[in-house]
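I have placed the structure first, in the form of structure tokens, so that the comments after it can refer back to it.
FYI, it's all coordinate maths here, none of it is from the lab. It should be emphasised that the depicted structure is a prediction, and the values quoted were computed from it without experimental measurement. As a convention, Cβ positions derive from the backbone with ideal geometry for all residues, glycine included, and neighbour counts pool all protein chains shown.
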Amino acid sequence: MNDVRLLYVSKFKSKINPLSELCDILSEALNFNSLNQIYGALYYGNNYFVQCLEGQKDKVEHLFYEKIIKDARHENCEVLYFENIETYLFSTWHMKYAMFHREVLDFFSDYHNDEFNPYLLNPSTIPTFIELLSKHGDSFSSLKNKASINANPI
């Protein structure tokens, strides 16, 4: 079997209702990924996406090149990292949402002297960043709660 890990970054195009759209993206990812044995994590902050995907090479490439890159909610999609793997770091999540977190902000401050901007990741910092992503819990239920509160203001 030819398993791979792909890390890509993109800008979030829509600003109409970002929390609701982020929930939609995660729900779509969970549905597609569970049917295709794809695993990974999505991190969103400062209007940037960074997502790590793991699975069979043909399925991960299909997801990225036929779905993600063509999704109108993304712009400036760019693969930063692609490697063959023997073990999965995200095998318990078909799509984990890693919430904007202090450790990630500290990582960018330490390595890139900037606020969170995943386009600044480079070959020497990407493995450490992926490891950091793998250690965060899933925050999708928190995101859904925030989205429903913002969609239904009192």
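Quick notes on this structure:
- Listed peptides 46-54, 20-28 by packing density, highest first (mean Cβ within 10 Å): 46-54, 20-28
- Label sites at D24 and D58, each approximated as a point 7 angstrom past Cα along Cα to Cβ, lie 3.1 nm apart.
- Using the Cβ-Cβ distance between E78 and E115 with R0 = 25 Å, the FRET efficiency computed as 1/(1 + (r/R0)^6) comes to roughly 0.85.
- Note on the stretch 83-127: semi-axes of the ellipsoid equivalent to its C-alpha gyration tensor, largest first and rounded to whole Å, are 23, 15, 8.
- Prolate is the label for the stretch 1-80, because a/c, from the alpha-carbon gyration tensor with a ≥ b ≥ c as root eigenvalues, is 1.5 or above and a/b exceeds b/c.
- Look at where the Cα atoms of the stretch 38-64 and of the stretch 106-128 average out, and the two centres are 18 Å apart.
- Rounded if a/c under 1.5, otherwise prolate or oblate - the stretch 52-142, Cα gyration tensor axes: rounded
- Of all DSSP beta bridges confined to the stretch 1-126, the antiparallel ones make up roughly 90%.
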